[in-house]
Amino acid sequence: MKKRSLVLVTVDCLRADHVGFLGYSRAVTPALDALAQNSVVFSAAIVAGAPTYFSFPAIMASRYPLALGRDILGIAPHEVTLATSLRDAGYTTAAFLAGNPYLSPHFGYEQGFATFRDFLESGSADTSVSGAVPSTNFLSDFNRRIQADSRRTGLTGAAYDALYFWYCQWRLRRENVSMDSLRRYPPADVLVDEACSWLSGLREQPFFLWLHLMDPHHPYYPPAEALSSLDKSDITPRRARFLNSFWNRGDIGARRLERHRDEIIALYDAGIFWVDKQISRLVQALQKFQRWDGTVFAVTADHGEEFLEHGRRYHSPTSLPEQLIHVPLLLRSPEVSGMRLSQEPFSLIHLAPTLLDAVGVAVPDNFQGRSHWKEISAGNLLSEPAIVECVASNNPFQPSDRMRPRLMAVRDAMYKLVIDFNQNFNGITDSFYDLKNDPGEHSPVPDGALPEVRARLFKIARAHLQQTQRNRNVELRLLAHLRAIQQSPAKNQSGAISALPPTGSC
Ligand SMILES: [Zn+2]
């Protein structure tokens with residue numbers, strides 16, 4: 001059989017309950033919903049880690065993010081991945097990634113790609129969430145002194161923060177801005193243009209194309225056209241800048257943030273709408289180049305996004321709620337008709353081997369996941385809990401932050417156990433949820449209830465940790481360290497994103 005080609009589209013921050021084919025009520029994904037009719041739709045795809053840097057080792061290399069040790073971020077040098085496997089099988093490979101600093105050659109993501117563009121040089125016009133206010137040295141010094149003085153009590157500190165926020169808004173009130181000038185990452189149309197141009201130069205050989213789109217990532221500045229399609233033209237660029245600045249405030253609580261939540265979600269949804277529209281263009285290009293019928297096409301996300309459901313914003317893995325770990329996954333293959341798989345979880349640790357199997361390329365031995373292609377083609381998904389692991393940390397560029405204790409979840413179709421190995425330095429704590437009766441995870445199951453289920457999930461966690469110890473690949477770990485030593489120190493650039501952005505200054 002002629003080898004199938006593969007397209008993998010990953011969308012940053014796209015949560016499962018914001019796509020139509022998984023039940024979202026706002027019409028943000030018409031193209032994906034149509035594609036889903038002819039695809040295998042996974043009702044419960046679960047990431048293996050969050051955020052980006054803890055999710056992608058599983059997506060690209062079918063490896064749990066902490067399997068090489070928590071000091072290693074990204075793909076280790078010479079690690080076998082989806083891309084290297086396809087390259088070695090004779091595929092032409094290309095990646096176009098929308099300026100996510102964690103998906104760069106610095107972290108090994110170029111391995112296996114003949115063409116690799118991460119858009120990090122040309123990225124953004126404005127790296128500050130609040131917008132920069134020019135100021136004189138005198139004013140800056142004066143401001144710093146007042147700020148320092150205000151920190152003497154909680155009350156004056158809060159008053160200073162509030163005043164400073166509104167002062168920044170006042171300073172910016174007349175500045176002319178556009179969504180394009182405020183946006184931090186190249187929008188999906190730029191990435192799809194690049195991909196189409198690359199596709200147009202291909203000959204007959206099988207190819208692997210990976211696109212990573214950042215449109216739903218904060219700060220939320222979707223194209224005006226997307227807002228207008230969702231009847232949200234009232235959110236002007238200036239309004240969007242205010243909303244993003246407000247949403248980013250660290251000095252107020254969830255209750256006050258709540259007042260702009262709907263508008264923030266509208267901006268986020270418009271980003272998803274734009275992604276959807278551009279994916280549709282990509283599909284049309286594949287059809288035009290007569291590559292669609294021979295291509296397996298997969299769309300998923302690296303993690304979701306929180307909008308105060310548990311009092312938090314963005315996607316910092318402080319805990320592992322469904323909003324963060326449950327992502328969309330659809331897989332279209334020419335010979336498999338459309339179907340929806342049940343609520344059994346499908347861990348993205350299995351995605352790479354399943355995709356290799358779907359295109360007919362051997363799955364490497366080092367992958368921790370296994371192909372589910374046979375079951376999937378037959379319309380089944382075996383019951384197998386998904387494991388999510390990460391380190392609760394805001395700054396992965398700081399090695400000391402990465403040494404923090406592990407946070408993990410074991411999730412099956414009905415229950416979820418979240419284990420925090422050192423919550424507030426109090427030792428291991430766990431939260432156990434009944435997802436069927438409490439899908440919002442508002443109240444953990446009381447201690448002592450459902451002891452057998454809880455024990456079963458704990459045993460799965462323990463087996464996972466034991467396996468991690470046994471399988472630790474010392475050679476890859478050393479190679480990754482060597483790379484870190486040889487590279488100039490990873491700078492904690494102002495343009496580099498963190499899971500939770502810094503707050504405060506204008
Ligand atoms: Zn991400």
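Pairs, please: C-beta under 6 Å, at least 6 apart or cross-chain, first residue in contact (Cβ under 8 Å) with a residue 12 or more places away in the chain and farther than 30 Å from Gly90 by Cβ and in segment 1-27, second away from the ligand (no atom under 15 Å from the Cβ) and assigned to a strand (DSSP E or B)?
Within 6 Å, the pairs are Phe21/Val41.
Would you be able to tell me the number of residues in segment 271-282 that are small (Gly, Ala, Ser) and within 17 Å of the chain's Cα centre (by Cα)?
The total comes to 1.
Could you tell me whether Ala362 is in a helix (DSSP H, G or I), at pLDDT 95 or above and of a type in the set (A, V, I, L, M, F, W, C)?
no
Scan the helices (runs of 4 or more DSSP H) fully inside segment 227-307 and keep the ones with 3 or more residues being among the hydrophobic types (A, V, I, L, M, F, W, C).
237-247, 261-288
Could you check how many residues of segment 56-106 are surrounded by fewer than 23 Cβ atoms within 10 Å (Cβ to Cβ), part of a helix (DSSP H, G or I) and in contact with a Gly (Cβ under 7 Å, 6 or more places away or on another chain)?
The number of residues fulfilling the criteria is 2.
Per-residue answers, yes or no, for (1) of a type in the set (Gly, Ala, Ser); (2) crowded, with 22+ Cβ neighbours inside 10 Å; (3) in a strand (DSSP E or B):
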position: Ala358; (1), (2), (3): yes, yes, no
position: Ser371; (1), (2), (3): yes, no, no
position: Gly379; (1), (2), (3): yes, no, no
position: Glu384; (1), (2), (3): no, no, no
position: Cys390; (1), (2), (3): no, yes, yes
position: Asn395; (1), (2), (3): no, no, no
position: Ser400; (1), (2), (3): yes, no, no
position: Arg404; (1), (2), (3): no, no, no
position: Leu407; (1), (2), (3): no, yes, yes
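If a residue has to be farther than 19 Å from Asp401 by Cα, of a type in the set (Gly, Ala, Ser) and within 16 Å of the ligand (Cβ to nearest atom) to count, how many in segment 53-93 make the cut?
Adding up the residues that qualify gives 1.
Being on the phi < 0 side of the Ramachandran plot and buried (at least 19 other Cβ atoms within 10 Å of the Cβ) is true for just one of Asp302, Asp262, Asp365. Which residue is that?
None of the other options fit; the residue is Asp302.
Tell me which residues, restricted to segment 197-219, are in a loop (DSSP other than H, G, I, E, B) and either more than 22 Å from Thr81 (Cα to Cα) or within 28 Å of the chain's Cα centre (by Cα) (or both).
Gly201, Leu202, Arg203, Glu204, Pro206, Met214, Asp215, Pro216, His217, His218, Pro219
Determine, yes or no, whether Tyr102 is farther than 22 Å from His464 by Cβ and within 13 Å of the ligand (Cβ to nearest atom).
It is true that Tyr102 is farther than 22 Å from His464 by Cβ and within 13 Å of the ligand (Cβ to nearest atom).
Which of the residues belonging to segment 6-35 are outside any helix (DSSP H, G or I), crowded, with 24+ Cβ neighbours inside 10 Å and not hydrophobic (A, V, I, L, M, F, W, C)?
Within segment 6-35, Thr10, Asp12, Arg15, Thr29 qualify.
Here is a check on your reading of the model: is Leu199 farther than 26 Å from Lys3 by Cα and in contact (Cβ under 8 Å) with a residue 24 or more places away in the chain?
Considered against the rule, which asks whether it is farther than 26 Å from Lys3 by Cα and in contact (Cβ under 8 Å) with a residue 24 or more places away in the chain, Leu199 comes out as no.
Would you check if there is a residue in segment 316-323 being in a loop (DSSP other than H, G, I, E, B) and more than 24 Å from Asp420 (Cα to Cα)?
So far as segment 316-323 goes, no, none of its residues is in a loop (DSSP other than H, G, I, E, B) and more than 24 Å from Asp420 (Cα to Cα).
Residues to consider are Gly271, Gly369; find the one that is within 16 Å of the ligand (Cβ to nearest atom) and either at pLDDT 95 or above or among the aromatic types (Phe, Trp, Tyr) (or both).
After ruling out the rest, the residue left standing is Gly271.
Is it the case that some residue within segment 30-52 is more than 16 Å from the ligand (Cβ to nearest atom), modelled with pLDDT of 95 or more, on the phi > 0 side of the Ramachandran plot and of a type in the set (S, T, N, Q)?
No, segment 30-52 contains no residue that is more than 16 Å from the ligand (Cβ to nearest atom), modelled with pLDDT of 95 or more, on the phi > 0 side of the Ramachandran plot and of a type in the set (S, T, N, Q).
The values are calculated or read from the model by the stated rules, or taken from the named source; none is laboratory data. Note that the structure is predicted; figures quoted are calculated from it, not measured. Glycine gets a Cβ as well: all are built from the backbone with ideal geometry, and neighbour counts include every protein chain shown.
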